[in-house]
Amino acid sequence: MDTLSQTFSALADPTRRALLARLATGAATVGELAEPFDMSLPAVSRHLKVLTDAGLIERHAEAQWRRCELRGEGFRAAADWIEFYRRFWEQQFDKLDAFLKRTVPKAPKADPAKGKDDGRRR
């Protein structure tokens, strides 16, 4: 699987996104990460492995603990892909805006003698 697919696959799971959100506040042990979830430690570890394999987090051994932290560069491929399409759509909306401004019907001019519009009923 290519890097971009692996990243989006890892991000597709809400539990993994919650783990990333927690790690955005700072490094944590596997036990600390597992605490708020109603799942086994091995299940949390499997989620962390997916995030590690996708390059989104790093795990370090510190004595008997495994500390996890975000890897900002792991998000680069996804961020670049999203940015490309964000620019694309901005350009498309700018073109649409320009088109609409060019094609908007002109309002009828008021007759200065009457002080109102041209007097025709619509």
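A compact table of results
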| item | result |
| --- | --- |
| Nearest-ten-degree value, helix 14-23 long axis tilted from longest Cα axis of the chain | 80 |
| Relative contact order, percent, region 1-104 [alpha-carbon distance under 8 Å, six or more residues apart] | 27 |
| Choice from 51, 100, 20 with maximal GNM fluctuation in the chain (Cα, 10 Å cutoff) | 100 |
| Full-stretch length increase - residue 92, residue 113 - with 0.36 nm per residue and alpha-carbon distance subtracted | 3.2 nm |
| Point-to-point label distance, residue 24-residue 101, nm (Cα→Cβ direction, 7 Å offset) | 3.5 |
| Local electrostatic count, residue 60, Cβ distance below 9 Å [Lys/Arg +1, Asp/Glu -1] | 0 |
| Alpha-carbon spread of the chain, three principal axes, descending order, Å | 92, 30, 21 |
| Positive-end residue, the chain charge dipole about Cα centroid, Cβ charges, pick of 43, 103, 24 | 103 |
| Nitroxide proxy distance, nm - points 7 Å out along Cα→Cβ at residue 38 and residue 80 | 4.2 |
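Every read-out reported here was derived from the displayed coordinates using simple, explicitly stated rules and does not represent laboratory data. For clarity, every value in this text was computed on a predicted model and none was experimentally measured. Counting neighbours? That spans all protein chains shown, and the Cβs are built from the backbone with ideal geometry, glycine included.
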